[in-house]
Each structure stands twice: as C-alpha cells, then as structure tokens.
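What follows is one structure encoded as structure tokens, with my remarks underneath.
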Amino acid sequence: MSGPLSPPFHLAFAVTDLEATRAFYCEVLGCTAGRSAERWIDFDLQGHQLSAHLTESLGDAGRNLVDGDGVPIPHFGLVLPWEAWQELVATLEAKGVVCELGPRIRFEGEVGEQATLFLRDPSGNALEFKSFKDPRKLFAS
C-alpha cells in the first residue's frame, strides 16, 4: 500500500535512557509522547508510532557507502516535503543539534536527487530525514 492514505508504520527500537530519549524525540524532533511504562515510551512521529524500549546495550551493524557517505546501518526516519525538510534543518541548527551527516543534497543531478541528513538520538540510534523536490521520484531508478 502506498500514497496519501497509507497506514502509519510502527517501529519498536532499543534505547539505553528513557528520559533522554523522551527529551530528544519531544523537544528536538517535536514528537508527542503517548503511552508509556517503566521500560518503554510510544511517540507520535508525524502520525507514525515509534516505541522506544529500554535495553542495556545497542548493536551497530556498521556502515554502507552511499554517494560518498558512510551511512549508518541500521537507521530509520521520514521522507518529508521539501519545505518541511528545510524547516527541520533550520530547527536543528537553532537548537544546536549536530548532524552526523549532512544536511546535503545526495545524487545531485540524478534521478534519485534528494536532500538528506542523519543524526543520532541519545542512545545512538541513527535517524535519516530526507526529501525529494519531486516526491514521485521516491522509488525511481
């Protein structure tokens, strides 16, 4: 299923500090916190359900080279409208958030040209926020 009426996705992911996670997702990314318990918190990320679950340690599968960048694996995020991506960049800069990669334009002049940035939450989870000037190019090859 795809398109504007697609159902929201659900992603459960590991974190090492629930309060730092709450602060990052709510104060930096503007999420709303939902249900929670002693070892987990749900967040509304623009209509998608993220469930942060407390764990003692996190794994890192390394990096893949993508258009000259060592992209962290695993990672997750959103594909935003162009203006919303630019607003996110401005918000992150105003809050002094340092991006791990970007913000930059990847695959410039190619079919998959996109704006992208990567940052990490307090537990080290990698998030990517990207945008296409032409959203129809999301899956173009």
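The values are calculated or read from the model by the stated rules, or taken from the named source; none is laboratory data. As the structure is a computational prediction, the values presented were derived from the model and not from experiment. Note that we place each Cβ from the backbone using ideal geometry, even for glycine, and neighbour counts take in every protein chain shown. Surface areas here come from the heavy atoms of the whole protein model, side chains and all, with no ligands, DNA or RNA. Shrake-Rupley method; radii C 1.70, N 1.55, O 1.52, S 1.80 Å.
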Item checked: Qualifying residues in the range 30-52 (those that are in contact (Cβ under 8 Å) with a residue 24 or more places away in the chain and within 12 Å of Asp121 (Cβ to Cβ)) - the one surrounded by the most Cβ atoms within 10 Å (Cβ to Cβ) -> Ala52
Next item on the list: Could you tell me whether Ser141 is in contact with a helix residue (DSSP H, G or I) (Cβ under 6 Å, 6 or more places away or on another chain) and either within 23 Å of Leu18 (Cβ to Cβ) or not aliphatic (A, V, I, L, M) (or both)?
Entry: no
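Residues that are in a loop (DSSP other than H, G, I, E, B), loosely packed, with under 12 Cβ neighbours inside 10 Å and not small (Gly, Ala, Ser): does the range 10-21 have at least one?
Checking the range 10-21: not a single residue is in a loop (DSSP other than H, G, I, E, B), loosely packed, with under 12 Cβ neighbours inside 10 Å and not small (Gly, Ala, Ser).
What do you reckon, is Leu78 open to solvent by less than 30 Å² (accessible area, probe 1.4 Å), closer than 19 Å to Glu27 by Cβ and under 12 Å from the mean Cα position of the chain (by Cα)? Steps first, please.
Numbers: open to solvent by less than 30 Å² (accessible area, probe 1.4 Å): yes; closer than 19 Å to Glu27 by Cβ: yes; under 12 Å from the mean Cα position of the chain (by Cα): yes.
Spelling it out, Leu78 is indeed open to solvent by less than 30 Å² (accessible area, probe 1.4 Å), closer than 19 Å to Glu27 by Cβ and under 12 Å from the mean Cα position of the chain (by Cα).
Restricting to the range 81-108, what's the tally of residues that are in a strand (DSSP E or B) and either of a type outside the set (Gly, Ala, Ser) or open to solvent by 60 Å² or more (accessible area, probe 1.4 Å) (or both)? Before the answer, list the steps.
So the first thing to find is which residues in the range 81-108 are in a strand (DSSP E or B), and the list is 101-106.
From what is left, the residues that are either of a type outside the set (Gly, Ala, Ser) or open to solvent by 60 Å² or more (accessible area, probe 1.4 Å) (or both) are 101, 103-106.
So the count comes out to 5.
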Check: Is it true that some residue in the range 58-72 is assigned to a strand (DSSP E or B), touching a residue at least 60 places away in the same chain (Cβ under 8 Å) and in contact with an Asp or Glu (Cβ under 8 Å, 6 or more places away or on another chain)?
Finding: no
Check: Yes or no: Val111 outside any helix (DSSP H, G or I) and buried (at least 16 other Cβ atoms within 10 Å of the Cβ)?
Finding: no
Next item on the list: Kindly list the number of the only condition in (1) open to solvent by less than 50 Å² (accessible area, probe 1.4 Å); (2) closer than 29 Å to Pro7 by Cα; (3) touching a strand residue (DSSP E or B) at 6+ places or on another chain (Cβ under 9 Å) that fails for Asp134.
Entry: (3)
